[in-house]
Amino acid sequence: MDDVLSGESALEGAKKLQTKISQLLLRGGFELHKWVSNSPELLKDLSASSYVLDKEFQGAPVKTLGMLWDPKVDCLTYKVKINDKVSFSKRDVLSEIA
């Protein structure tokens, strides 16, 4: 596993989720690092080496799970390559989405 995406609507719930996920994965020998959040309060208790962005955002989207997430506006984007081919076979479709 490379990335974990999750969310909460309230800061308190996000802190609990952060703790639970960290503890669960640590039991399996995985230490989470490179945290990114659109809430500076969630990052304030982490060491400087534990988060990717400064606590004040630089405005650059973060790449995660093959998508780009802009924490400032909380928006996921996905780049789509459109093929101008008029007719598609099942093989073409499966090849593109794989």
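The values are calculated or read from the model by the stated rules, or taken from the named source; none is laboratory data. Keep in mind that what you see is a predicted model, and the values were worked out from it rather than measured. Please note: Cβ atoms are built from the backbone with ideal geometry, for glycine as well, and neighbour counts cover all protein chains shown.
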* Can you name every residue in the stretch 84-98 that is loosely packed, with under 10 Cβ neighbours inside 10 Å and at pLDDT below 85? -> 84, 85, 86, 87, 98
* Could you give every pair whose Cβ atoms fall below 8 Å, whose first residue belongs to the stretch 12-40 and is surrounded by fewer than 15 Cβ atoms within 10 Å (Cβ to Cβ), and whose second residue is of a type in the set (Lys, Arg) and at pLDDT below 90, counting only separations of at least 6 or pairs across chains? -> 40/55
* Please determine, by comparing only the residues of the stretch 24-44 that are in a loop (DSSP other than H, G, I, E, B) and of a type in the set (A, V, I, L, M), which one is nearest to residue 14 (Cα to Cα). => 36
